[in-house]
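Heads up, the thing below is written out as C-alpha cells.
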Amino acid sequence: MPRAAAPRALVCAALARALAPKVAVVGGGLGGLASGIALRKVGADVTVFERAKTLDGYAGTGLTLWPNGQKALAAIDAQLSEKLQALGAATQHIEVTDASGENSLPNPTGDPRRFPDVYGFPMRNVRWSTLRSALADRYAELGGRIVCDRSVEEAGPGCVEFVDAAGASHKEDGFDVVVGADGLHSKFRGWLVNDGGPRDAGRTIWRAIIPFADESLLPRDACSMSAGAGKVGFLTDVGENCLYWSAFATDEALAASTVVRGDDVKAYLLEEFAEVAALGPVIRATPAESILERRVADRKPLVDKKGAPAIPWARKRRWWTRRPLAGGTTTLLGDAMHAMIPSLGQGANSSFEGAYRLAAAIRDADGDYEKALRAYEQAQIARVAAIVDASARQGRMVYEDKDEFMRAQGEAQDSMWGVRFEDLV
C-alpha cells in the first residue's frame, strides 16, 4: 500500500502544480513579499522579482505594525504571525510634547497597553530590514521563488521584460497574473493609470537608525513625538537595541529659516532642528552617511468624484494601446496602488491588507482571474482611499492645527485598527 500511495501522491502533486495559477510579483518589498506568502498559501505558483541584487541590504528606517496589518498577516499565515511577535518592540508608552520637550500635548493614540485587548495585537515597532527578512524567510519556506537583479522594462499580458545590472535583458512569460508591487514610482502604475508622478506633499524627511545607548532620551518600548513650528521629530524603540529617529520639516518652515545648508548634513540638521530638543542628541550620534533624506509624497486615490473606486485599467484593451495591459490580468499592490503620507503609519499595513484581499480573490477565482482581480481592486481601493486622504490631511494638520490633528487622529483609529479578517485557508 505505501508503495502504491507514493506514485499517486506524486501525480496529485504534479497535477496541483499544473493547475495552480502562475503569478509574477514585481517588487520584493514588504507588500510584494507579503502577497507572495499569501498567494503561496492559496496554492499559487509565485515568483517575486526584485530590482536589488540581494534582499540583504540595510535600510535605515523603522515602521509601526498596527493591529490591522498584523491581523491581515495573521489571517494569511499563523506561523508568520507568531514569528513577528518576537520582532521589534511592543510599545508600552507614548509621549507627545511641544518642540522644547517640556510641555506635554494630548496623545491621540491613547494608552498603547490596551491594544492587545481592544484590537487583538500590540502596537509593534520594528526595523524595515528586519521585517523584510522575516517575510522573505517565510516566503522561501513556503516554496516561493525570488529572482533578484531584475529591473522591469516592459510588460504585456502575462509577460514581463527585465534588465539586470549588467544590462542583459530577461523575458519572463506564461503568467496567469502579474502584480505590480514596484513602489511609489511604479512603472506598472504608469502603464495602467498614466497619471504622472507622485504628489509632492511639501515636506522633507530625514531619518536613521542608531544604537539605543541612552534611555534618558527615550524609555525602552516607547516612542515620542515633538511638534514645533513646521518641524516635527519622532523617536522610536524598534527593538534589537536600536532607536529609530525621523525629522520632518515643511517647505514653508525651511523657506523661512535663516540656516544655510552646506555639505555637512549633520551640521545642517543640528542647526535647522535646534528648536526640537529631542532630535539634537540622536542626530549627533548618527554617522552622516547613515542619514537618509527624501521628499514626502503620495499618490492620488483611484476614486471618482463621489469617492467610489475608479479603476482606469478595468476597461477592456484597445488594439491601439501600446502596452495592452488594461482589462487584463495585471494589477497593482501597495504603494503602486495607494501610496500615502506616513502620518497614520498605514503604508505597509494597508499593503498587508491588500496582500490578503488579492490572495482571497485568486483563491476564489475558479480560473477567471480578470474578474478576480477587478473584485480585489474594488475592495482594496474602497478600503484605503479614505486612509490615503486622511493621511494627507493629518500630515498637513500636525504642523497647522495640533488640536484638530489630535481630534482627527483619535477619530480615525477604530475604523483603521478594528477591521477583521477570516483565515485565508
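The values are calculated or read from the model by the stated rules, or taken from the named source; none is laboratory data. Just so we're clear, the structure is a prediction, and the values are computed from it rather than from any experiment. Reconstructed Cβ throughout: ideal geometry from the backbone, glycine too, with neighbour counts over all protein chains shown. For the accessible areas, the whole protein counts, side chains as well, though only heavy atoms, and no ligand, DNA or RNA atoms are used. Shrake-Rupley method; radii C 1.70, N 1.55, O 1.52, S 1.80 Å.
Among (1) of a type outside the set (Lys, Arg); (2) touching a strand residue (DSSP E or B) at 6+ places or on another chain (Cβ under 8 Å); (3) open to solvent by 20 Å² or more (accessible area, probe 1.4 Å); (4) at negative phi, which single condition is residue 86 missing?
Looking at each condition in turn, residue 86 falls short on (2).
Have a look at 216, 246, 257 and point out the one that is closer than 26 Å to residue 87 by Cβ, in contact with a helix residue (DSSP H, G or I) (Cβ under 9 Å, 6 or more places away or on another chain), at pLDDT 95 or above and polar (S, T, N, Q).
246
Just checking: which of the strands (runs of 3 or more DSSP E) contained wholly in the stretch 160-219 hold 2 or more residues that are open to solvent by 50 Å² or more (accessible area, probe 1.4 Å)?
Numbers: elements: 169-172, 177-180, 199-211.
Ranges flagged: 169-172, 199-211.
Looking only at the stretch 41-93, which residues are in a helix (DSSP H, G or I) and among the basic types (Lys, Arg)? Don't jump to the end; show me each part of the working.
So the first thing to find is which residues in the stretch 41-93 are in a helix (DSSP H, G or I), and the list is 41, 67-76, 78-84.
Within the stretch 41-93, 41, 71, 83 qualify.
How many residues does the stretch 229-244 contain that are closer than 13 Å to residue 218 by Cα, not in a loop (DSSP other than H, G, I, E, B) and not β-branched (Val, Ile, Thr)?
So the count comes out to 7.
Could you tell me which numbered condition residue 78 fails, if it satisfies all but one of (1) touching a Ser or Thr at 6+ places or on another chain (Cβ under 6 Å); (2) within 15 Å of residue 359 (Cβ to Cβ); (3) open to solvent by 40 Å² or more (accessible area, probe 1.4 Å)?
Among (1) touching a Ser or Thr at 6+ places or on another chain (Cβ under 6 Å); (2) within 15 Å of residue 359 (Cβ to Cβ); (3) open to solvent by 40 Å² or more (accessible area, probe 1.4 Å), residue 78 violates only (1).
Filter the stretch 164-174 for residues that are touching a residue at least 24 places away in the same chain (Cβ under 8 Å) and out of contact with any Cys (no Cβ under 7 Å at 6 or more places or on another chain) and give the result. Can you show your working first?
Of the residues in the stretch 164-174, the ones touching a residue at least 24 places away in the same chain (Cβ under 8 Å) are 165, 172, 174.
Listed by number, the residues that qualify are 165, 174.
Return yes when residue 327 is small (Gly, Ala, Ser), at pLDDT 95 or above and open to solvent by less than 40 Å² (accessible area, probe 1.4 Å) and no when it is not. Break it down into steps so the answer makes sense when it comes.
Working: small (Gly, Ala, Ser): yes; at pLDDT 95 or above: no; open to solvent by less than 40 Å² (accessible area, probe 1.4 Å): yes.
Criteria not met by residue 327.
I need every pair where a residue in the stretch 264-279 that is of a type in the set (Gly, Ala, Ser) has its Cβ under 8 Å from the Cβ of a residue that is part of a helix (DSSP H, G or I), sequence separation at least 6 or different chains.
Pairs that qualify, where the first residue is of a type in the set (Gly, Ala, Ser) and the partner is part of a helix (DSSP H, G or I), are 274/280.
Taking the conditions exactly as written (modelled with pLDDT under 95, more than 24 Å from the chain's Cα centre (by Cα), of a type in the set (Lys, Arg) and on the phi < 0 side of the Ramachandran plot), does residue 306 satisfy them or not?
yes
If residue 135 passes every condition in (1) open to solvent by 20 Å² or more (accessible area, probe 1.4 Å); (2) assigned to a helix (DSSP H, G or I); (3) under 20 Å from residue 24 (Cα atoms) but one, which one does it miss?
If we test residue 135 against (1) open to solvent by 20 Å² or more (accessible area, probe 1.4 Å); (2) assigned to a helix (DSSP H, G or I); (3) under 20 Å from residue 24 (Cα atoms), just (1) comes out false.
Residue check: is residue 147 touching a residue at least 60 places away in the same chain (Cβ under 8 Å), of a type outside the set (Lys, Arg) and buried (at least 17 other Cβ atoms within 10 Å of the Cβ)?
Judged against the criteria, residue 147 is not a match.
Just need a number here: residues in the stretch 391-425 that are at pLDDT 80 or above, closer than 23 Å to residue 122 by Cβ and either open to solvent by 60 Å² or more (accessible area, probe 1.4 Å) or part of a helix (DSSP H, G or I) (or both).
Initial filter on the stretch 391-425 (at pLDDT 80 or above): 415-425.
Now narrow it down to the ones that are closer than 23 Å to residue 122 by Cβ: 415-424.
Filter once more, keeping what is either open to solvent by 60 Å² or more (accessible area, probe 1.4 Å) or part of a helix (DSSP H, G or I) (or both): 415-417, 420, 422-423.
Counting residues in the stretch 391-425 that are at pLDDT 80 or above, closer than 23 Å to residue 122 by Cβ and either open to solvent by 60 Å² or more (accessible area, probe 1.4 Å) or part of a helix (DSSP H, G or I) (or both) gives 6.
Given (1) at pLDDT below 95; (2) buried (at least 17 other Cβ atoms within 10 Å of the Cβ); (3) not charged (D, E, K, R), identify the lone condition not met by residue 283.
Condition not satisfied by residue 283: (1).
Test of understanding: among 189, 207, 220, which residue is in contact (Cβ under 8 Å) with a residue 60 or more places away in the chain and under 13 Å from residue 296 (Cα atoms)?
The unique qualifying residue is 207.
Which members of the stretch 245-257 meet the condition of being in a strand (DSSP E or B) and either among the aliphatic types (A, V, I, L, M) or open to solvent by less than 20 Å² (accessible area, probe 1.4 Å) (or both)?
245, 246, 247, 249, 250
On the given criteria, is residue 99 in contact (Cβ under 8 Å) with a residue 40 or more places away in the chain and touching a Phe, Trp or Tyr at 6+ places or on another chain (Cβ under 7 Å)?
Spelling it out, it is not the case that residue 99 is in contact (Cβ under 8 Å) with a residue 40 or more places away in the chain and touching a Phe, Trp or Tyr at 6+ places or on another chain (Cβ under 7 Å).
Quick check on the stretch 224-241. Is at least one of its residues surrounded by fewer than 18 Cβ atoms within 10 Å (Cβ to Cβ), over 30 Å from residue 86 (Cα atoms), among the acidic types (Asp, Glu) and within 27 Å of the chain's Cα centre (by Cα)?
Checked against the condition, which is being surrounded by fewer than 18 Cβ atoms within 10 Å (Cβ to Cβ), over 30 Å from residue 86 (Cα atoms), among the acidic types (Asp, Glu) and within 27 Å of the chain's Cα centre (by Cα), the stretch 224-241 yields no hits at all.
Condition test on residue 277, is it at pLDDT 95 or above, more than 27 Å from the chain's Cα centre (by Cα), open to solvent by 40 Å² or more (accessible area, probe 1.4 Å) and within 18 Å of residue 248 (Cα to Cα)?
Criteria not met by residue 277.
Answer yes or no as to whether residue 59 is under 18 Å from the mean Cα position of the chain (by Cα), modelled with pLDDT under 90 and hydrophobic (A, V, I, L, M, F, W, C).
yes
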